[in-house]
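What follows is calculated from the coordinates using simple rules that are stated; it is not laboratory data. Treat the numbers as computed from the prediction; the structure is a model and nothing was measured. Note that each Cβ is placed from the backbone with ideal geometry, even for glycine, and that neighbours are counted across all protein chains shown.
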């Protein structure tokens, strides 16, 4: 099942207090970026984030879910209704996210 543009719009609105949040559509789903780094995505109308240490600390009870078959597990964000929580989560994750991969010359 593909994610809806309405759910994407809702999540982006919740993150609108942050600068440089962007997305890229990918096979009916959406990859989410903060300041150029991938922090998660929207898969089947679920917000999933990378399981970096600060995300696990802020969401100790979060379920680990697969965004799609064959992918690495990610953390399900249940509290998408709290703008403050979401912005804090993404902002604090940034330092622990891997840098954008460089394309070979």
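When you scan segment 38-52, do you find a residue that is assigned to a helix (DSSP H, G or I), crowded, with 16+ Cβ neighbours inside 10 Å and in contact with a helix residue (DSSP H, G or I) (Cβ under 7 Å, 6 or more places away or on another chain), even just one? Outline the logic, then answer.
Restricting attention to segment 38-52, the residues satisfying the condition of being assigned to a helix (DSSP H, G or I) are none.
No, every residue in segment 38-52 fails to be assigned to a helix (DSSP H, G or I), crowded, with 16+ Cβ neighbours inside 10 Å and in contact with a helix residue (DSSP H, G or I) (Cβ under 7 Å, 6 or more places away or on another chain).
Give me the residue from segment 66-93 that is touching a strand residue (DSSP E or B) at 6+ places or on another chain (Cβ under 6 Å) and not in a loop (DSSP other than H, G, I, E, B) and, out of that set, surrounded by the fewest Cβ atoms within 10 Å (Cβ to Cβ).
Quick first cut of segment 66-93, residues touching a strand residue (DSSP E or B) at 6+ places or on another chain (Cβ under 6 Å) only: 67, 73-77, 80, 90, 93.
Cutting the leftovers down to not in a loop (DSSP other than H, G, I, E, B) gives us 74-76, 90, 93.
On the way: 74: 22, 75: 21, 76: 18, 90: 25, 93: 21.
Checking each candidate, the answer is 76.
Across segment 94-105, what is the number of residues that are surrounded by 12 or more Cβ atoms within 10 Å (Cβ to Cβ) and either assigned to a loop (DSSP other than H, G, I, E, B) or touching a residue at least 60 places away in the same chain (Cβ under 8 Å) (or both)?
Selection size over segment 94-105: 2.
So which residues in segment 1-37 are farther than 19 Å from residue 83 by Cβ and assigned to a strand (DSSP E or B), if there are any at all?
Those that are farther than 19 Å from residue 83 by Cβ and assigned to a strand (DSSP E or B): 24, 25, 26, 29, 31, 37.
Among all residue pairs at least 6 apart or on different chains, which show Cβ distances below 8 Å where the first residue, located in segment 1-13, is in contact (Cβ under 8 Å) with a residue 24 or more places away in the chain and the second is in a helix (DSSP H, G or I) and crowded, with 16+ Cβ neighbours inside 10 Å?
Close Cβ pairs (under 8 Å, with a partner that is in a helix (DSSP H, G or I) and crowded, with 16+ Cβ neighbours inside 10 Å) amount to 11/86.
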